[in-house]
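Visitor: Okay, here's the structure, questions in a sec.
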Amino acid sequence: MEKVAVVGCGSYMDQGQGCPGEWRCLKAASQGEGTFENPSQVVAFIKCECPGRTVVPSIGMAIKLSEIKPDKIYLSSCLANAVPGCPYTGAKDLADIIEKKTGIEVIIGTHDYH
């Protein structure tokens, strides 16, 4: 089973804007739905905190503490499709930064549930 980490939008989580931290991402991963090709084990759920400077260190800390390196990192649908969008960086740019720093493939979006 593929091991994955999910990065969610901290602003959405904290302000209750549809992302409680996030059961829909977890469901999609466990069922192999949305952007997950197969059922996957979520080994970390990381909150991106504005302005996003700590997301890469937070991913590193999650990997270090869990002692499990994910096969892929997913940017949650709430982060990828935020309205209004993130004022600091776009999902594609954030994915590129994370991939460059971690060497782990980043997938944008997790699910299409409403």
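The values are calculated or read from the model by the stated rules, or taken from the named source; none is laboratory data. The shown structure was predicted, so the numbers you read here are calculated from the model rather than taken from an experiment. FYI the Cβ positions are ideal-geometry reconstructions off the backbone, even for glycines, and counts take in every protein chain you see. Only protein heavy atoms, including side chains, enter the accessible area calculation; ligands, DNA and RNA are left aside. Shrake-Rupley method; radii C 1.70, N 1.55, O 1.52, S 1.80 Å.
Visitor: Which trypsin sites (Lys or Arg not before Pro) in segment 1-108 pass both tests, a DSSP loop state and at most 12 other beta-carbon atoms within 10 Å?
Guide: R53
Visitor: For the chain, what is the accessible area per residue in Å² when the probe is 1.4 Å?
Guide: On the way: 6350 Å² over 114 residues.
Computed with neighbouring chains in place, this is 56 Å² per residue.
Visitor: Considering the options P57, I46, C25, tell which one lies farthest towards the positive end of the dipole of the chain, charges being +1 on Lys and Arg and -1 on Asp and Glu at the Cβ, about the Cα centre.
Guide: Farthest towards the positive pole: P57.
Visitor: Calculate log10 I(q)/I(0) of the chain for q = 0.10, 0.13, 0.14, 0.23 Å⁻¹, where I(q) comes from the Debye formula with a single equal point scatterer on each Cα and nothing for solvent.
Guide: Log10 I(q)/I(0), no solvent term: -0.24, -0.41, -0.48, -1.41.
Visitor: Here's a follow-up. Explain nothing, just the number: relative contact order of the chain, from Cα pairs under 8 Å at least 6 residues apart, as a whole percent. Display every interim value, and only then the final one.
Guide: Values: 202 pairs, mean separation 37.4, N = 114.
Rounded, it is 33 percent for the chain.
Visitor: I've got another one for you. With +1 on each Lys and Arg Cβ and -1 on each Asp and Glu Cβ, and nothing else charged, work out how big the dipole of the chain is about its Cα centre, in Debye to the nearest 20. Mind showing how you got there, number by number?
Guide: Numbers: 11 positive and 13 negative charges, 53 e Å.
The calculation lands at about 260 debye.
Visitor: Can I ask one more? Convert each backbone phi in segment 57-70 into a coupling constant with the Karplus relation 6.51 cos²θ - 1.76 cosθ + 1.60 (shift: θ = phi - 60°), then list the ³J(HN,Hα) values in order as whole Hz, x for Gly and Pro.
Guide: Residue by residue, segment 57-70 yields x, 5, 4, x, 5, 4, 5, 5, 5, 7, 6, 10, 8, x Hz.
Visitor: Also, quick follow-up: Counting Lys and Arg as +1 and Asp and Glu as -1, each charge on the Cβ, what is the dipole of segment 54-114 about the Cα centre in debye, to the nearest 20?
Guide: Details: 6 positive and 7 negative charges, 34 e Å.
I would put it at about 160 debye.
Visitor: Ok, one more. Ignoring ligands, DNA and RNA, what percent of the 1.4 Å accessible area of the chain is carbon and sulfur? Spell out each step's value before the answer.
Guide: On the way: 3290 of 6350 Å².
Ligands and nucleic acids excluded, carbon and sulfur reach 52 percent.
Visitor: What is the extension gain from Q41 to Y113, computed as 0.36 nm multiplied by their sequence separation minus the C-alpha to C-alpha distance, in nm to one decimal?
Guide: Numbers: separation 72, 0.36 × 72 = 25.92 nm, distance 1.90 nm.
Computed gain between Q41 and Y113 is 24.0 nm.
Visitor: Using each residue's phi in segment 26-34, evaluate 6.51 cos²θ - 1.76 cosθ + 1.60 at θ = phi - 60° and report the 3J(HN,Hα) Karplus result to the nearest Hz, with x for Gly and Pro.
Guide: 5, 5, 4, 5, 5, 9, x, 9, x
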